[in-house]
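Student: Before anything else, here's the structure in question.
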Amino acid sequence: MTSASAALPQQPGRTKAFLRLVMIEHSVFALPFAYIAALTAMYEWDENIHWGRLLLVTVAMVGLRTFAMAVNRIIDREIDARNPRTAHRELVTGAMSVRHAWTGALIALVVFLGAAALLNPLCLALAPVAVIPMVVYPYGKRFTNFPQAILGLAQAMGPIGGWLAISGEWSWEAVILGLAVGVWIGGFDLIYACQDVETDRQVGVKSVPARFGVPAAIWGARACHTVTTALFVWYAVATDAGVFFWLGLLIVAGAFVYEHTLVRPHDLTRLNRAFFSVNGFIGIALFVCALLDLLVRGLTV
């Protein structure tokens, strides 16, 4: 058996390790809102779903998010090694080498740029604007107590990009939705950071809970999600949304209330349920309601 043939079976393992590294399943948090923006833009354009463009939006979003997560893991690998919660990550254990992680990241970046180029010239021209905060974010915890603000800015790009992909023009409605998504994700990342507060203080990682304490972070998350709800309402008014979208907002508001009953300043035992289950549900629920609303209003499949 040659050395080349012996190496072949290792590739699927590397692929699986890379997909675990970037937590590909967490695309569920961002994709639904890019779809809402893209489908609303299609409705305002000609009331038809353009499946080719929607596919390119999906490819662009997954490519950018994969690049961002890979770069995040690469930059944070030394911090991750010092945190018991993250010490099992692939770049720490050696399941994935830094070289292969960079290879995956660069491939994902090329995929994103290629999809942006196929969509329209404005998407390609603005692509670096979406990439920069993705790279800055992992460094944020080294120089500011508010890295979640950088994360929120990065995540706000999804809906804005989804709208631009269809219309090729700037949209303030998309900015409102993007801000809502950014504040929402920044808020639940405040909650997520609470589980690392002691380790962050020892290692020197900056965050709201590490600097101001867990209670302040929880109250900050509640404030963020209140603002998120208000921005969703503003978006609904700005786009003349119908009854199904408003029903979706009621569901989202209820989910936020439930999320904040799960996590309390002195009880983080149900944090993972709040972070993964509830927030995943929020994105999917609002997307389904928004899609139903657009279909009822005349969007043609």
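The values are calculated or read from the model by the stated rules, or taken from the named source; none is laboratory data. In this text the structure is predicted, and so the values were computed from the model without any measurement. No Cβ is skipped: glycine too gets one built from the backbone with ideal geometry, and neighbour counts run over all protein chains shown.
Student: Among the residues of the range 101-121, write down those that are over 23 Å from LEU19 (Cβ atoms) and either touching a helix residue (DSSP H, G or I) at 6+ places or on another chain (Cβ under 6 Å) or crowded, with 19+ Cβ neighbours inside 10 Å (or both).
Tutor: ALA117, LEU118, LEU119
Student: I've got another one for you. Show me the helices (runs of 4 or more DSSP H) found entirely inside the range 169-252 where at least 2 residues are closer than 17 Å to ILE150 by Cα.
Tutor: Helices (runs of 4 or more DSSP H) meeting the threshold: 172-193, 208-212, 214-238.
Student: Please verify whether ASP200 is farther than 24 Å from GLY114 by Cβ and within 17 Å of the chain's Cα centre (by Cα), treating the condition exactly as stated.
Tutor: When the stated conditions are applied, ASP200 does not pass them.
Student: Continuing with the same structure: Before we move on, is ALA41 among the hydrophobic types (A, V, I, L, M, F, W, C) and modelled with pLDDT under 95?
Tutor: When the stated conditions are applied, ALA41 does not pass them.
Student: Right, next: Quick check on LEU54: is it surrounded by fewer than 20 Cβ atoms within 10 Å (Cβ to Cβ), part of a helix (DSSP H, G or I) and modelled with pLDDT of 95 or more?
Tutor: Here the answer is yes, as LEU54 does meet what is asked.
Student: May I pose another question? Say we look at the range 257-285 and pick out the residues that are more than 20 Å from VAL208 (Cα to Cα) and aromatic (Phe, Trp, Tyr); which of these is farthest from the chain's Cα centre (by Cα)?
Tutor: Looking at residues that are more than 20 Å from VAL208 (Cα to Cα) and aromatic (Phe, Trp, Tyr), I get TYR258.
Student: Taking the criterion of being modelled with pLDDT under 95, among the hydrophobic types (A, V, I, L, M, F, W, C), closer than 30 Å to ALA210 by Cβ and crowded, with 18+ Cβ neighbours inside 10 Å, would at least one residue in the range 230-238 satisfy it?
Tutor: no
Student: Sticking with this one: How many residues, within the range 135-161, are part of a helix (DSSP H, G or I) and either of a type in the set (S, T, N, Q) or touching a Leu at 6+ places or on another chain (Cβ under 7 Å) (or both)?
Tutor: 5
Student: Now for a different question. When you scan the range 286-298, how many residues do you find that are over 16 Å from the mean Cα position of the chain (by Cα) and surrounded by 19 or more Cβ atoms within 10 Å (Cβ to Cβ)?
Tutor: Selection size over the range 286-298: 5.
Student: Every residue in the range 123-137 that is surrounded by 15 or more Cβ atoms within 10 Å (Cβ to Cβ), farther than 12 Å from LEU109 by Cβ and of a type in the set (A, V, I, L, M), please.
Tutor: LEU124, LEU126, VAL136
Student: Whether any residue in the range 34-49 is over 19 Å from ASP240 (Cα atoms) and either surrounded by fewer than 17 Cβ atoms within 10 Å (Cβ to Cβ) or touching a residue at least 40 places away in the same chain (Cβ under 8 Å) (or both) is what I want to check.
Tutor: The answer is no; no qualifying residue exists.
Student: What about THR261, is it in a loop (DSSP other than H, G, I, E, B), surrounded by fewer than 19 Cβ atoms within 10 Å (Cβ to Cβ) and not charged (D, E, K, R)?
Tutor: No.
Student: Which of the residues belonging to the range 153-179 are surrounded by fewer than 24 Cβ atoms within 10 Å (Cβ to Cβ) and closer than 25 Å to ALA255 by Cβ?
Tutor: LEU153, GLU173, VAL175, ILE176, LEU179
Student: Look at VAL98 and say whether it is more than 26 Å from GLN148 (Cα to Cα), surrounded by fewer than 19 Cβ atoms within 10 Å (Cβ to Cβ) and among the β-branched types (Val, Ile, Thr).
Tutor: Considered against the rule, which asks whether it is more than 26 Å from GLN148 (Cα to Cα), surrounded by fewer than 19 Cβ atoms within 10 Å (Cβ to Cβ) and among the β-branched types (Val, Ile, Thr), VAL98 comes out as no.
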